[in-house]
Amino acid sequence: MVIEKTEKTTSPGELQRLEEKRAELHWKFIDFLKSQGIKFKDREHATTIAVRIATGEL
């Protein structure tokens, strides 16, 4: 949802706010993976895991 809004916004202020929110959510997900003992190689791998969860692959 945040990524979709980021792609559609033309307001620099709103874009900045959405990018900050995306980063915040990303780090919360990283912390969640760690707390659950789910191993990941790097941030890119964690993003791949998130996409797979969102699309129902995992």
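Each reported figure results from applying straightforward, stated rules to the coordinates on display, with no laboratory input. Since this is a predicted model, take the numbers as computed values, not measurements.
Quick notes
- With 10 Å bins beginning at zero, the pair-distance distribution over Cα atoms of the chain amounts to 21, 46, 26, 7 %.
- The angle between the Cα long axis of helix 12-35 and the longest principal axis of the Cα atoms of the chain comes to about 10 degrees, rounded to the nearest 10.
- Nearest-ten-degree value, helix 43-54 long axis tilted from longest Cα axis of the chain: 90 degrees
- Set of lysines near Lys5 by C-alpha distance (under 26 Å), chain-local residues within fewer than 8 positions excluded: Lys21, Lys28
- Helix content alone sets the calculated 222 nm mean residue ellipticity of the chain: runs of n ≥ 4 DSSP H residues at -39500 (n - 2.57) each, divided across all residues, give -24000 deg cm²/dmol.
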